[in-house]
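See below for the structure under consideration.
The values are calculated or read from the model by the stated rules, or taken from the named source; none is laboratory data. Every value quoted in this text rests on a predicted model; they were computed, and no experiment measured them. Cβ: placed from backbone, ideal geometry, glycine included. Neighbour counts: every protein chain shown. Each accessible area value is taken on the protein alone, full model and side chains, heavy atoms only, with ligands, DNA and RNA left out. Shrake-Rupley method; radii C 1.70, N 1.55, O 1.52, S 1.80 Å.
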Amino acid sequence: MSDEKPIRVILANPRGFCAGVTRAIEIVDKCLELYGPPVYVRHEIVHNKHVVDSLRARGAVFVDELDEVPHGAVTVFSAHGVSKAVINDAKQRQLPVVDATCPLVSKVHKEGQNHAARGREVVLIGHAGHPEVEGTQGQIPGGVYLVSAASDVDGLVVRDPENLAYVTQTTLSVDDTREVIEALKLRFPGIVGPDVKDICYATQNRQSAVREIAREADLLLVVGSRNSSNSNRLREIGAEMGKPSFLIADAEALRPEWMEGVSTVAVTAGASAPEALVQGLIDRLGDFGRVEVIEQAGVEEHTQFKLPRILQDGERIKVDESVA
């Protein structure tokens, strides 16, 4: 096998964990360390089974709704954010809460709230049913109009077309979102909003990296969970470029028939996928030939988000405070 032509593996850079995901995982880790298990987490802390299973093994308990959490138990809100109703429910149930919402998601919440305070109706560009979207919908007074694609804009009926604003889900396709924004501005010329700046830096960087490496590849493999919005967008970029593109949870999901006739594989990982899964995939690719790994130069990311102050200080969480 060593005499065969090597399989070139181009690794996207950046890939994998972003600062918001790293912070969310560290929050659960720190809660387990300070307060001991069990620590209850509403929904998956991030969209990755391997991460969730690892934290579960340490004593994290993942629940769908707060009524599954025992009275007084330490509770963590996921990185995707929650609605005001969930926050109020936690207070009424006297749950000590640590909020792991990504600061960039919180920024979108604040933008929407500011627009509402100025009397504007808010359009949210995002995917229905996604936890981040549900949280944002429940954070903006008066609710929002949800659009997912440019084609949705024609059917949008608002109360005051002259007094509109928009915000976006943070993990969308940059290109698709720009199309939606252009459609909104064409139909509602007075609408105000942040172009694509609400899409987080990590999402944009990973999309740009994939677009670059997919040009050189016969196959694109994206490591990530099927319910991960940003991971799905990475796979879609490769498919739109005409490349066979697959989203896989880990190396075990790689199908041998995908490798037929392939000499160059582009590999990346969604923002909630651990690097160990990428390395496992590279090892698995070695079953098909001698692997030559090429690391894309890419963009260096230096963003870091601090843990909530109460975790930094190691204090006991008070029931009446929700700590961001």
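Assorted remarks:
- Restricting region 261-276 to residues that are of a type in the set (S, T, N, Q) and within 21 Å of residue 171 (Cα to Cα) leaves a set whose member that is farthest from the chain's Cα centre (by Cα) is 268.
- Among residues of region 40-67 that are within 16 Å of residue 79 (Cβ to Cβ), those with a beta-carbon under 8 Å from a residue that is among the polar types (S, T, N, Q) and part of a strand (DSSP E or B) at least six positions away or on a different chain give the pairs 40/75; 41/75; 42/75.
- Only one entry of 165, 214, 209, 149 meets the criterion of being open to solvent by 30 Å² or more (accessible area, probe 1.4 Å), over 14 Å from the mean Cα position of the chain (by Cα) and at pLDDT 95 or above, and that entry is 149.
- Every pair of residues 6+ apart whose Cβ atoms lie under 8 Å, when the first sits in region 189-216 and is touching a residue at least 24 places away in the same chain (Cβ under 8 Å) and of a type in the set (D, E, K, R) while the second is open to solvent by 30 Å² or more (accessible area, probe 1.4 Å) and not in a helix (DSSP H, G or I): 206/15; 211/241; 215/241
- Just one of the listed residues (276, 271) is in contact with a helix residue (DSSP H, G or I) (Cβ under 9 Å, 6 or more places away or on another chain) and outside any helix (DSSP H, G or I), and it is 271.
- Test: residue 179 is out of contact with any Phe, Trp or Tyr (no Cβ under 8 Å at 6 or more places or on another chain), at pLDDT 95 or above, surrounded by 17 or more Cβ atoms within 10 Å (Cβ to Cβ) and in a helix (DSSP H, G or I): no
- Residue in region 132-148 that is touching a residue at least 40 places away in the same chain (Cβ under 8 Å), in a strand (DSSP E or B) and within 24 Å of residue 236 (Cα to Cα) present: no
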